[in-house]
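Peer 1: First the structure, then my questions, so here it is.
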Amino acid sequence: MNREATDLAGVRHIAFDSLGSTNAEALARARAGERGPLWITAAVQETGRGRRGREWASPAGNLYASLLLTDPAPQAVASQLSFVAALALHDAVAEGASQLGPLLKVKWPNDLLLGGAKIAGILIEAESGPPFATVIGMGVNCASHPADTAYPATDLATAGANVTSEALLRGLARAIQTRLAQWDRGQGFAAIRSAWLRRAAGLGQDIRVRLPEREFSGIFDGLDETGRLLVRGEDGVTAVTAGEVFGFGAA
């Protein structure tokens, strides 16, 4: 069952009791002509997924939300939405659980960490169109977290913060509107980049980067002007467009 819910910061919202995947639903609606902006949420996801097709455990009590946007920016810079979303998640969680604010860090390219453990993830997907449509999928561990992950995970309740998924969603809707305006279709990425780096996990530390063809280690040296990860090693600085980072708490 679904219902047209109260709008979120002026954006329409459709809430489902159960859904395969909020991202998949948003993409299907985009293909059917929905232009958004539109929030899709679910109390439970039956086939939630993360990056690289990984399963995303989705029991009741946590937040599963996707925001559908049409033509949010030129396609060449749309991947920067992961930084926009990460900052919005950081803002919303820090507002809803202020005592945890100092423990929150963003992790390249798409996670939010709490005390070094993953508490939220982001999945950006798109339909090339025309028109070009992008879905920002976000999952936050409010009430529980998976125990069988290869890397640490946690949730707000375990950390002592009683924040409901509904309250967090309201804060997130406000925060992402603010960060999208700051980003300004990519024109404001310098400010987003600077804000993200101030909250970055592992900056200046040794990290390990896993690419499809190899792994290597180095010092997390920041982000370039497009958002690529900069890793300093013995042979100089490597710029990474896509990969996975390890070595300072969570995957």
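The values are calculated or read from the model by the stated rules, or taken from the named source; none is laboratory data. A quick note: this is a predicted structure, and the numbers were derived from the prediction, not measured. Reconstructed Cβ throughout: ideal geometry from the backbone, glycine too, with neighbour counts over all protein chains shown. These area figures cover heavy atoms from the full protein model, side chains too; ligands, DNA and RNA do not enter into them. Shrake-Rupley method; radii C 1.70, N 1.55, O 1.52, S 1.80 Å.
Peer 1: Can you give the extra length, in nm with one decimal, that the chain gains between THR47 and ASP206 once fully stretched, where that is 0.36 nm per residue apart less the Cα-Cα distance? Mind dumping the intermediate values first?
Peer 2: Values: separation 159, 0.36 × 159 = 57.24 nm, distance 3.49 nm.
Net length gain for the segment: 53.8 nm.
Peer 1: Next question, about the same structure. Express in nm, to one decimal, how much length is gained between ILE219 and LEU197 on full extension, taking 0.36 nm for each residue of separation and deducting their alpha carbon distance.
Peer 2: Result for the pair: 6.5 nm of gain on full extension.
Peer 1: Give the angle, between 0 and 90 degrees and rounded to the nearest 10, that separates the Cα long axis of helix 81-96 from the longest principal axis of the Cα atoms of the chain.
Peer 2: Here the helix axis deviates by roughly 70 degrees.
Peer 1: Highest first, please rank the peptides 121-128, 235-242 by the mean number of other Cβ atoms sitting within 10 Å of their residues. If you can, show how the numbers build up before the last one.
Peer 2: Numbers: 121-128: 18.6, 235-242: 12.6.
Order by mean packing, descending: 121-128, 235-242.
Peer 1: Return the sequence-ordered ³J(HN,Hα) values of region 194-204 in whole Hz as given by the Karplus equation 6.51 cos²θ - 1.76 cosθ + 1.60 applied to θ = phi - 60°, using x for Gly and Pro.
Peer 2: So the Karplus estimates, Gly and Pro as x, are 5, 5, 5, 5, 5, 10, 6, 6, x, 4, x Hz.
Peer 1: Work out the length of the dipole vector of the chain about its Cα centre, built from +1 on the beta-carbon of each Lys and Arg and -1 on the beta-carbon of each Asp and Glu, and round it to the nearest 20 debye. Walk me through the numbers on the way to the answer.
Peer 2: Working: 24 positive and 26 negative charges, 45 e Å.
Result for the chain is approximately 220 debye, rounded to the nearest 20.
Peer 1: If you don't mind, another one. Starting from the Cα-Cα distance between ASP71 and ASN162, subtract it from 0.36 nm times their residue separation and give me the gain in nm to one decimal.
Peer 2: 29.2 nm
Peer 1: OK, next. On average over all directions, what projected area in square nanometres does the chain have, based on the convex hull of its Cα atoms?
Peer 2: 12.7 nm²
Peer 1: Shifting gears a bit: Using a 1.4 Å probe on the protein heavy atoms, what percent of the accessible area of the chain belongs to carbon and sulfur? Intermediate results must be reported in sequence, preceding the final value.
Peer 2: Details: 5440 of 11060 Å².
Answer for the chain is 49 percent, counting heavy atoms of protein chains only.
Peer 1: How big is the antiparallel share of DSSP beta bridges in the chain, given as a percent to the nearest 5?
Peer 2: Once the DSSP bridges in the chain are tallied, antiparallel ones form about 85 percent.
Peer 1: Sticking with this one: Rolling a 1.4 Å sphere over the protein heavy atoms, what is the accessible area per residue of the chain, to the nearest Å²?
Peer 2: It amounts to 44 Å² per residue over the chain.
Peer 1: Next question. What FRET efficiency would be calculated for the residue pair ALA181, GLU234, taking the C-beta separation as r and a Förster radius of 45 Å, to the nearest 0.05?
Peer 2: 0.60
Peer 1: So what's the back-of-envelope 222 nm ellipticity for the chain, counting only DSSP H runs of four-plus at -39500 (n - 2.57) apiece and dividing by all residues, rounded to 500?
Peer 2: Helices in the chain give a 222 nm mean residue ellipticity of -7000 deg cm²/dmol.
Peer 1: Using +1 on the beta carbon of Lys and Arg, -1 on that of Asp and Glu, and nothing else charged, what's the dipole of region 116-251 about the Cα centre, debye to 20?
Peer 2: Value, rounded to 20: 480 debye.
Peer 1: By how many degrees, 0 to 90 and rounded to 10, does the Cα axis of helix 165-183 deviate from the longest principal axis of the chain?
Peer 2: With both axes taken from Cα atoms, the answer is about 60 degrees.
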